[in-house]
Structure formats: structure tokens, C-alpha cells
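For reference, the structure discussed in these notes is given below.
Please treat every number below as a calculation from the coordinates, not as lab data. Keep in mind the model is a prediction, meaning the values are calculated, not measured. Note: ideal-geometry Cβ built from the backbone for every residue, glycine included; neighbour counts use all protein chains shown.
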Amino acid sequence: MRNSMLAVAAVVCLFATGVARANDPKATIAALDARLAKIGAPKIDGTDKAGDKTVPAIFFGARKINGNYDVVDEIKKTTGATATVFVKDGEEFIRVSTNVLTPEGKRGVGTPLARAKAYEAVSKGNSFCGDVDVLGTPFSACYNPIKDAGGAIIGVTYIGFKK
């Protein structure tokens, strides 16, 4: 509840000043998380395709996020940031909604979160902000775990600004 209130407060501040400060991953991930929270509570319900993989289907409220790009594309439009929602699939976190493009120019859905510092943090339920490599490109980024109503980690949100 406290995290939700902080995220909402961050969004109010962002919109009161016009837009997230340029290249500020912490402010931008707060805006992404608040926008998702406004849609509804996160949950897993069934499975869906992500690229060539079958993975859990992650929902915020009644909206399935797998293959739905409106939220991540709006973040890109308003802040210039790359944005992704990952779903937890076993020990992996798989991109199910992203504006991150592969070298071939396609959305990177179905690709896993690299097993590095961000993975270690979110796997333990912690946020991570710092420099990362996303599909071969360096970014200043933040990652937050997504938890269901019972507190289980079911996914991750990501924001990044190309360095």
C-alpha cells in the first residue's frame, strides 16, 4: 500500500510539472508503475504466447498485458524511455510487453531478463537502478518487482534511457 501511494504521489508530481524529468529512470518507473496500478491489481491468470514461448498471462485488473503495448508505448511517447513488463516464468522473467526492439527491429517479446544485477535484485523482491545492457545496448535503468495480492513476485517492470 505504501509503495502504491508513493507511486501515485510521484505521478501527481510528474504531471503537475508537465512530464517526467528527461533521463530520470526513478521518476519514469514510478510513472509506469502508477499507470499500471491505476488499471487494477496485478495477477496471473492462465497462459499466453510471448514470441515463440508459452508463458503465464499477467493482468492488471481485467487487462491482459501480454502482447498489449499501449502502456509501454505511451511511456516512450511521453518520456523517450524504453519500457517493459516481464512475467515470471519459473526462474526466468520473460518480456511480454515492451517497446525495446531487437537488432532486427521487432519488439523483444519472448526474450528473458539477463541474469545480472537487476535479475538478482528483483528475484529477491528488491528494486534495482543502475547501468545495464538491454539486448546489447547500454542503458541507465530501473527495475521493480511486480507482486500479486499475496506478495508473490509475478513479474517485473523496467524503464531505461539509452546512454
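The aspartates and glutamates within cross-link reach of LYS77, meaning a Cα-to-Cα straight distance under 19 Å and a gap of 8 or more places when in the same chain, are ASP24, ASP33.
Bridging of LYS38 to aspartates and glutamates at a Cα separation below 18 Å is possible for ASP70, ASP73, GLU74, ASP148, once same-chain residues fewer than 8 apart are set aside. For ILE154, nonlocal amide neighbours, meaning residues 5 or more places apart or on other chains whose placed amide H falls under 5 Å from its own, are ILE146, LYS147, ASP148. Shown for TYR143, TYR158, TYR119, TYR69: other C-beta atoms within 10 Å of each C-beta, ranked fewest to most, produce the order TYR69, TYR119, TYR143, TYR158. Shown for the chain are the DSSP H helices of 15 Å or more along their axis, judged by Cα atoms, with a mean Kyte-Doolittle hydropathy of at least 1.6: 2-16.
FRET efficiency for the pair ASN68 and GLU91, taken as 1/(1 + (r/R0)^6) with r the Cβ-Cβ distance and R0 = 30 Å, rounds to 0.75. Distance between the modelled labels on SER123 and LYS43, one decimal in nanometres: 2.9 nm (7 Å Cα→Cβ projection). Amide H contacts of ALA57 (H built 1.01 Å from N, in plane; Pro and chain starts excluded): ASP45, GLY46, THR47, ASP48 sit under 5 Å, all sequence-distant by 5 or more or on other chains. The modelled label-to-label distance for the pair LYS106/ASP148, using points 7 Å beyond Cα in the direction of Cβ, is 3.0 nm. Based on Cα contacts under 8 Å between residues 6+ apart, the chain shows a relative contact order of 21 percent. Converting phi to 3J(HN,Hα) with the Karplus coefficients 6.51, -1.76 and 1.60 and the offset θ = phi - 60°, the range 106-113 yields 9, 4, x, 5, x, 8, x, 5 Hz in sequence order, with x at every glycine or proline.
Please list 24-37, 103-116 highest first by mean number of surrounding beta-carbon atoms within 10 Å per residue.
Details: 24-37: 21.9, 103-116: 14.5.
Packing order, densest peptide first, comes out as 24-37, 103-116.
Per residue, the chain reaches -9000 deg cm²/dmol at 222 nm when only DSSP H runs of four or more residues are counted, each adding -39500 (n - 2.57).
How are the alpha carbon pair distances in the range 55-163 distributed across 5 Å bins from zero to the largest one, expressed in percent? Result, from short to long distances: 2, 13, 24, 27, 21, 10, 2, 0 percent.
Local charge for ASP45 was computed over the other residues whose Cβ lies under 13 Å away, with Lys and Arg +1 and Asp and Glu -1, and equals +1. Partners of LYS53 within straight-line reach, counting aspartates and glutamates whose Cα lies under 13 Å from its Cα and excluding those fewer than 8 residues away in the same chain: ASP89, GLU92.
Of the listed peptides 89-98, 54-63, what is their order by residue-averaged count of other C-beta atoms within 10 Å, with the highest listed first?
On the way: 89-98: 20.7, 54-63: 17.9.
Result, highest mean first: 89-98, 54-63.
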